[in-house]
Amino acid sequence: MDDQQSMRILVAGATGNLGKALIPVLHQRGKEVVALVRPGSQSRLQPLENHIAETVVAEITEPDITASAFSGVHTVISSVGITRQRDGLTYDQVDYGGNLNLLQAAERGGVQRFIYVSVVGADRDVRVPVIQAKRRFEKALIESTLKWQIVRPSGFFTDMTDVWKMALRGNVHLFGDGKSKISPIDPVDLAEAIADLLDAEPGQMLPVGGPADFTWNEIAELAFQVAGKRCAIRHWPKWLLRATLAITRVISRPTYGTLSFLGHVMTNDTTALNHGSRKLEAFFRAQKEAEVQ
């Protein structure tokens, strides 16, 4: 492996929570970071400009990503995916199609390795659009000419923000009995786990969670505790979730997509290997401090 080439890493999804955590971690480890961003979003990386060697502007849902963007790049790390369906794009267009365009451009550009950030459960055949799209891309990556690694996080601390906001309002609403478990992780801890993969053998799938497993009831209770509020959790039965999904699938595909994933993780165990040291309680306390300011 060429030492100089191995230093150049392209981060796709650079303006997301994980991307913004990855950039300084990679820089601190002596990597030369190329940030791939959507048109009009360059300013979101201004606080990290000292950690970035080059910024490439491209719309990955368009199939004509230029191979020159990957000049000298050894590894692509992609955390590209839809968090909320706000711009009319689908999971197939972004989580699958966008990453596929990125993969094909990386192959044309001479990239050697592709690290993809997927999700726990992508190996399951479930009727959840985002998981289905990520599963399709995982298969495409494995069948590609590049060396690959796949990271499957259990969930992010930032995904717990909705629970925190509900706790502040005095009531947390959960699908199911709240006993399903998840292992949320801080983006910085996940970024460090991904950076470790650069020195690992390719061809690995790594399920990664935070330092502790929680039931959804425990997450809600912790949010109430930090917020200083009386604990009030409302559990909605699975049959109501199924009925709501059937309706939203017809009248609002974006709502259906978000709700199907949320319902899936709340009613199924999605734990992963424990990693990192940053605590969910500290995340909630930071949210509280931000509310005060």
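The values are calculated or read from the model by the stated rules, or taken from the named source; none is laboratory data. None of these values were measured; they are calculated from a predicted model. No Cβ is skipped: glycine too gets one built from the backbone with ideal geometry, and neighbour counts run over all protein chains shown. Each accessible area value is taken on the protein alone, full model and side chains, heavy atoms only, with ligands, DNA and RNA left out. Shrake-Rupley method; radii C 1.70, N 1.55, O 1.52, S 1.80 Å.
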Criterion first (open to solvent by 30 Å² or more (accessible area, probe 1.4 Å) and in contact with a Pro (Cβ under 7 Å, 6 or more places away or on another chain)) does Asp159 satisfy it? yes
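One line per residue, one yes/no per condition, for (1) assigned to a helix (DSSP H, G or I); (2) closer than 18 Å to Ser180 by Cβ:
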{"site": "Gln225", "(1), (2)": "yes, no"}
{"site": "Arg230", "(1), (2)": "no, no"}
{"site": "His235", "(1), (2)": "no, yes"}
{"site": "Leu241", "(1), (2)": "yes, yes"}
{"site": "Tyr256", "(1), (2)": "yes, no"}
{"site": "His264", "(1), (2)": "yes, yes"}
{"site": "Arg278", "(1), (2)": "no, no"}
{"site": "Glu281", "(1), (2)": "yes, no"}
In the list Thr248, Thr270, Thr215, which residue meets the criterion of being among the hydroxyl-bearing types (Ser, Thr, Tyr) and touching a helix residue (DSSP H, G or I) at 6+ places or on another chain (Cβ under 6 Å)? Thr248
I'm checking my understanding of the structure. Among residues of segment 6-34 that are more than 15 Å from Phe114 (Cβ to Cβ) and touching a Gly at 6+ places or on another chain (Cβ under 7 Å), which one is modelled with the highest pLDDT? Gly19
Would you confirm whether any residue within segment 115-125 is touching a residue at least 12 places away in the same chain (Cβ under 8 Å), open to solvent by 40 Å² or more (accessible area, probe 1.4 Å) and under 23 Å from Pro207 (Cα atoms)? yes
Looking at Thr255 and the list (1) out of contact with any Gly (no Cβ under 9 Å at 6 or more places or on another chain); (2) surrounded by 16 or more Cβ atoms within 10 Å (Cβ to Cβ); (3) at pLDDT below 95, which single condition is not satisfied? (2)
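Give the residues of segment 169-188 that are buried (at least 21 other Cβ atoms within 10 Å of the Cβ) and either assigned to a helix (DSSP H, G or I) or out of contact with any Asp or Glu (no Cβ under 8 Å at 6 or more places or on another chain) (or both), sorted by residue number. Step through it out loud before you land on a result.
Step one: list which residues in segment 169-188 are buried (at least 21 other Cβ atoms within 10 Å of the Cβ), which gives 172, 174-175, 182-187.
Of everything in segment 169-188, those that are buried (at least 21 other Cβ atoms within 10 Å of the Cβ) and either assigned to a helix (DSSP H, G or I) or out of contact with any Asp or Glu (no Cβ under 8 Å at 6 or more places or on another chain) (or both) turn out to be Val172, Leu174, Phe175, Ile185, Asp186, Pro187.
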I'm checking my understanding of the structure. Among residues of segment 195-217 that are touching a residue at least 60 places away in the same chain (Cβ under 8 Å) and assigned to a loop (DSSP other than H, G, I, E, B), which one is surrounded by the most Cβ atoms within 10 Å (Cβ to Cβ)? Gly210
Within segment 218-244, how many residues turn out to be free of Cβ contacts under 8 Å to residues at least 60 places away in the same chain and charged (D, E, K, R)? 3
Considering every residue within segment 71-93, establish whether at least one is out of contact with any Cys (no Cβ under 9 Å at 6 or more places or on another chain), acidic (Asp, Glu) and either buried (at least 18 other Cβ atoms within 10 Å of the Cβ) or under 24 Å from Gly257 (Cβ atoms) (or both). yes
